[in-house]
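Structure record follows, encoded as structure tokens.
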Amino acid sequence: MRFIHTTLPQRVRFASGAAAAGVRAEAELLGARRVMVIAADAERALADEITADLPVALRHHEVAMHVPVELAERARAAAAELQADAIVSVGGGSTTGLAKAIALTTGLPIIAVPTTYAGSEATDVWGLTENAVKTTGRDPRVLPAAIVYDPSLTLTLPGDLSVASGLNALAHCVDSLWAPHSDPINAALAAEGVRALNAGLPEVAADPSGLDGREHALYGAYLAATAFASAGSGLHHKICHVLGGMYDLPHAQTHAVVLPYVLAFNAPNAPDADRRLAAAFGADTALAGLQALRAQLSAPAALRDYGLAEADLPAAVEAILEAVPDSNPTPATGDNLAALLRAAWEGSEPA
Ligand SMILES: NC(=O)C1=CN([C@@H]2O[C@H](COP(=O)(O)OP(=O)(O)OC[C@H]3O[C@@H](n4cnc5c(N)ncnc54)[C@H](O)[C@@H]3O)[C@@H](O)[C@H]2O)C=CC1
Ligand SMILES: O=C(O)/C=C\C(=O)CC(=O)O
């Protein structure tokens with residue numbers, strides 16, 4: 001066996017009901033004196049509660065999905081004006097993403113308190129959207145110094161959004177098996193991530209207010225993000241980035257819809273990945289396992305339900321074709337990508 005694996009340096013706390021104490025401890029370790037708290041309007045009260053004991057210089061609430069560059073610039077200006085020395089982000093991937101946009105140009109350390117399963121908190125990947133083009137990149141400065149996971153914070157995430165976000169996490173696991181830097185370590189993390197998500201998400205869907213399912217799902221989401229952070233973006237993530245940036249589609253739902261189509265596209269040429277995923281799902285094939293899980297979850301089914309117009313398909317295929325990683329096991333062509341995207345748009349059976 002020969003491989004090169006990168007493990008990212010950050011501290012991870014995981015405890016239900018301990019967000020405020022965890023954030024306080026991390027802020028002390030950083031020696032933070034002027035904290036910038038970032039939370040979307042919907043998470044404002046939660047963030048106020050979690051950061052009540054911190055030396056807060058500024059609370060910032062202008063957050064949007066896919067991090068429009070204008071929002072990033074306003075947040076950077078606010079951080080500079082108030083001389084913030086650390087950032088605490090409380091929220092989903094959009095909130096973490098804005099904190100990362102500030103860290104990218106300032107180097108400010110981030111304490112991330114995630115409230116969805118997106119996983120941005122465990123990656124050194126940033127994303128910014130300008131003129132309908134989403135650019136992503138990697139930079140050690142954007143990796144949060146610490147993550148404070150508190151599964152009880154996810155109890156308020158509505159059932160349908162929990163399902164979509166959980167499938168975003170599952171997509172990190174699946175795509176990491178054929179992404180450019182796939183290796184045995186991130187494959188092991190991905191397999192345990194699939195196992196945990198496959199156990200937790202049905203519990204969350206059946207009872208969004210139950211803590212047990214939330215704990216499994218958030219644990220799985222962390223493993224998924226570490227696998228993705230190490231393996232990089234495979235075809236699935238490239239497709240979703242094009243769709244998110246060009247058409248402003250909702251991130252988690254887009255991942256949830258596209259995943260079975262990419263799995264069906266790649267599995268025939270990735271037998272090891274197929275076997276590994278099938279074993280993690282406890283199914284005969286990876287696709288059978290994924291589809292059984294999706295059926296239990298009433299998962300999002302068609303891109304046309306989330307704002308993609310039929311007329312947009314050709315331009316999307318053209319943009320995706322430019323982004324296909326060389327590592328993809330099935331050679332992509334304009335024709336087979338057009339068929340994949342049309343099937344995902346219609347919500348027809350993945351073939
Ligand atoms: N850089 C990276 O490694 C990654 C980045 N992302 C980025 O994250 C963004 C998407 O993040 P998501 O978490 O899917 O969506 P989000 O952060 O936009 O949240 C979706 C909605 O859920 C609400 N919400 C969040 N937590 C809640 C809770 N506990 N209870 C009730 N409502 C809650 C938010 O206010 C928002 O309205 C995209 O921009 C995507 O590109 C996603 C994954 C990885
Ligand atoms: O697509 C994902 O779930 C992972 C990475 C990103 O979204 C990159 C970003 O825009 O921050």
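State the answer as a single residue: which of Y306, H5, W345 lies farthest towards the positive end of the charge dipole of the chain, with beta carbon charges of +1 for Lys and Arg and -1 for Asp and Glu, about the Cα centre.
Final value for the positive-end residue is H5.
Tell me which residues come under 5 Å, amide H to amide H, from G91 once H is placed; ignore anything under 5 positions away on its chain.
Under 5 Å from the amide H of G91: V113, T115.
Taking the Cα centroid of the stretch 50-69 and of the stretch 71-122, what is the distance between the two, rounded to the nearest whole Å?
The two parts, judged by their Cα centres, are 7 Å apart.
Treating the angle as unsigned and between 0 and 90°, give the value, to the nearest 10°, between the Cα long axis of helix 251-266 and the longest Cα principal axis of the chain.
The angle comes out near 30 degrees.
For labels at T333 and T6 in the simple 7 Å Cα→Cβ model, what's the distance in nm?
3.5
Taking a 1.4 Å probe, which of E310, E43 shows the most accessible area, and what order do the others take after it?
E310, E43
Which length gain, in nm to one decimal place, applies between R44 and E70 when the Cα-Cα distance is subtracted from 0.36 nm times their residue separation?
That works out to 7.3 nm of additional length.
Find which of L30, S162, A188 sits farthest along the positive direction of the dipole of the chain, computed with +1 on the beta-carbon of Lys and Arg, -1 on that of Asp and Glu, about the Cα centre.
Result: L30, furthest along the dipole toward the positive end.
Lys and Arg at +1, Asp and Glu at -1: add these up for the other residues within a Cβ distance under 15 Å of F265 and post the number.
-2
Taking the 0 to 90 degree range and rounding to the nearest ten, how far is the long axis of helix 184-206 tilted relative to the main principal axis of the chain, both from C-alpha atoms?
80
Run the numbers for L155 and E130: contour at 0.36 nm per residue of separation, minus the present Cα-Cα distance, in nm.
Computed gain between L155 and E130 is 5.7 nm.
Just to be sure I understand the model, the point goes 7 Å from the Cα along the line to the Cβ. What's the resulting A25 to E322 distance in nm?
It works out to 4.7 nm between the two label points.
Determine how large the accessible area of D305 is when every protein chain is in place; take a 1.4 Å probe and give Å² rounded to the nearest 10.
100
For the chain, give the share of DSSP beta bridges that are antiparallel, in percent and rounded to the nearest 5; count only bridges with both residues there.
Just about 25 percent of them are antiparallel.
Rank these by accessible area, largest first, 1.4 Å probe: Y219, Y247.
From most exposed to least exposed: Y219, Y247.
Can you compute the helix-only [θ] at 222 nm over the chain? Use -39500 (n - 2.57) per DSSP H run of at least 4 residues, normalise by all residues, nearest 500 deg cm²/dmol.
After summing the helix terms and dividing by residue count, I get -17000 deg cm²/dmol.
Report the full-extension gain for the segment D305 to A206: residue separation times 0.36 nm, less the Cα-Cα distance, to one decimal in nm.
33.3 nm
What's the magnitude of the charge dipole for the chain around its Cα centre, counting Lys and Arg as +1 and Asp and Glu as -1 at the beta-carbon? Answer in Debye, nearest 20.
Dipole magnitude for the chain comes out near 680 debye.
Report, in degrees rounded to the nearest 10, the 0 to 90 angle that the Cα long axis of helix 211-231 makes with the longest principal axis of the chain.
80
With N set to the residue count of the chain, report its C-alpha Rg divided by 2.2 N^0.38 Å to two decimal places.
Ratio of Rg to 2.2 N^0.38 Å for the chain: 0.94.
The values are calculated or read from the model by the stated rules, or taken from the named source; none is laboratory data. Note that the structure is a prediction, hence the values are computed from the model and not measured. Here Cβ is always computed from backbone atoms with ideal geometry, including for glycine, and neighbour counts include all displayed protein chains. Please note that ligands, DNA and RNA were not included when accessible areas were found on the heavy atoms of the full protein model with its side chains. Shrake-Rupley method; radii C 1.70, N 1.55, O 1.52, S 1.80 Å.
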